[in-house]
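Read the structure below first, then the notes.
The values are calculated or read from the model by the stated rules, or taken from the named source; none is laboratory data. This is a predicted model, so every value here is computed, not measured. Neighbour counts run over all protein chains shown; Cβ positions are idealised from the backbone, glycine included.
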Amino acid sequence: MTNKLPSSAETESTPLPDTLFTQIVPQIQDIAELKVTLYIFYLLHRKQTYPRFVCYRELLPYSTLMGMEEEVLRHALSLALKRGTILRATLDIDGNPEEAYFINTKPDKELIEGIKSKAMPEENIFALYEQNIGVITPMIAEELKEAEKLYPSQWIRDAFKEAVALNKRSWRYISRILERWTIEGKEGGENRPSIKKGGPNKYIRGKYGHLVKR
């Protein structure tokens, strides 16, 4: 029997950031570390809740699929942690301490700091993107920073909520919602607070203006 990949109609894709291939993979010498890193991305992409993390007990069953003993899995995780690809925190889940692994991104760093200080951070634009769309690439991160400076935080949360309700899970669509509200007003045109410094044209005509069409 030959191993045959399923047709494209049966295959769900897992998005991976470009930096994984350009900066991280070229440095990885241990095949077990590479496998563990890729499987963490794979499992995180399938999470539907916030915050998104992978518990050790969730990862352990995949060690057989990856062809490694638990001792090798532990070593591979330690290498990925040392490299800084992933982050680890101990969470209280249903009254039990659990090892949880996160991707090393700004929102997840803030989340772990919040856990350490016993204060969960408010859902910011980065957390909203990761929760509802996927992994943040460097280019998207810059766009999110621009939008966070420009739009009210409630607008951003509401725009994500509207896009998800319409199953339009892309930053391009969300940015168009925010632009429309800036021009037409939000909630029937009645809610039209002053936009942050720079005005809507800063976002529309600025560095990433080519990505936002009227």
Checklist entry - Can you tell me how many residues in segment 84-105 are more than 13 Å from the chain's Cα centre (by Cα) and not in a strand (DSSP E or B)? => result 4
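Conditions tested, residue by residue: (1) at pLDDT below 85; (2) in a loop (DSSP other than H, G, I, E, B); (3) over 30 Å from Ile86 (Cα atoms); (4) hydroxyl-bearing (Ser, Thr, Tyr).
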| position | (1), (2), (3), (4) |
| --- | --- |
| Tyr129 | no, no, no, yes |
| Leu144 | no, no, no, no |
| Arg176 | no, no, yes, no |
| Ile183 | no, no, yes, no |
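Could you say whether any residue in segment 42-51 is hydrophobic (A, V, I, L, M, F, W, C) and under 21 Å from Glu113 (Cα atoms)?
In the first step, residues of segment 42-51 are kept if they are hydrophobic (A, V, I, L, M, F, W, C); the result is 43-44.
Next cut, under 21 Å from Glu113 (Cα atoms) only: 44.
Taking every residue of segment 42-51 in turn, at least one turns out to be hydrophobic (A, V, I, L, M, F, W, C) and under 21 Å from Glu113 (Cα atoms).
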Next on the checklist: Can you tell me which residue is modelled with the lowest pLDDT among those in segment 1-37 that are surrounded by 10 or more Cβ atoms within 10 Å (Cβ to Cβ), closer than 17 Å to Lys82 by Cβ and out of contact with any helix residue (DSSP H, G or I) (no Cβ under 8 Å at 6 or more places or on another chain)?
Outcome noted: Gln23
